[in-house]
């Protein structure tokens, strides 16, 4: 949903209050939710304020995701939520040369826009992507699948001894011996 800076009133623009909450489930369409299979935006708030050429953004979202546990392959449902603030400045604004700028923590929430408006879906995509987990696990206590017998160790015990499973590269040891 593209918002022009001319559409932002002096008191700010509540995007979903003015455009309708019905658009929220469609905001993440086309986004790659890896490592999850699917991510749906459940609720979102986004307030845009325009001041001196800069856009101040305050927002929050709640999303639900589905994936597969990296340890045991069971289905996993996750809830993602975040409140955020960011600041956009026009790309055309003069900036100091990169070599002479020292970044501070507050500078990490600064972005750039084309000077005429901002795509709100991109802002939410970025914030949701930052909340996606690196690894999906059903629980921190998940014991995973036994590499030797393939049993789900969360559901049943196996009688395999640790270190008993052959590694993926075990066959290469045999090849080296045959070559000599």
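Throughout, read-outs are computed from the coordinates displayed, never taken from laboratory work. Owing to the predicted nature of the structure, the values given are computational and were not obtained by experimental measurement. Because the Cβ atoms are built from the backbone with ideal geometry, glycine has one as well, and the counts that use them run over all protein chains shown.
Sticking with the crude label model, points 7 Å out along Cα→Cβ, report the distance from residue 140 to residue 77 in nm, one decimal please.
Label-label distance for residue 140 and residue 77, simple model: 2.3 nm.
Note the full-extension length gain between residue 126 and residue 160 as 0.36 nm times their separation in residues minus their Cα-Cα distance, in nm to one decimal.
Value of the extension gain: 7.8 nm.
For the range 116-157 and the range 1-75, what is the centre-to-centre distance using only Cα atoms, to the nearest Å?
Between the Cα centre of the range 116-157 and that of the range 1-75, the gap is 20 Å.
So if each residue of separation counts as 0.36 nm, and I subtract the Cα-Cα distance between residue 116 and residue 1, what length gain in nm does that give?
Contour length minus the Cα-Cα distance gives 40.0 nm.
With a/c under 1.5 counting as rounded, go ahead and sort the range 2-131 into rounded, prolate or oblate using the C-alpha gyration tensor (a ≥ b ≥ c being the square roots of the eigenvalues; past the cut-off, prolate if a/b is larger than b/c, else oblate).
oblate
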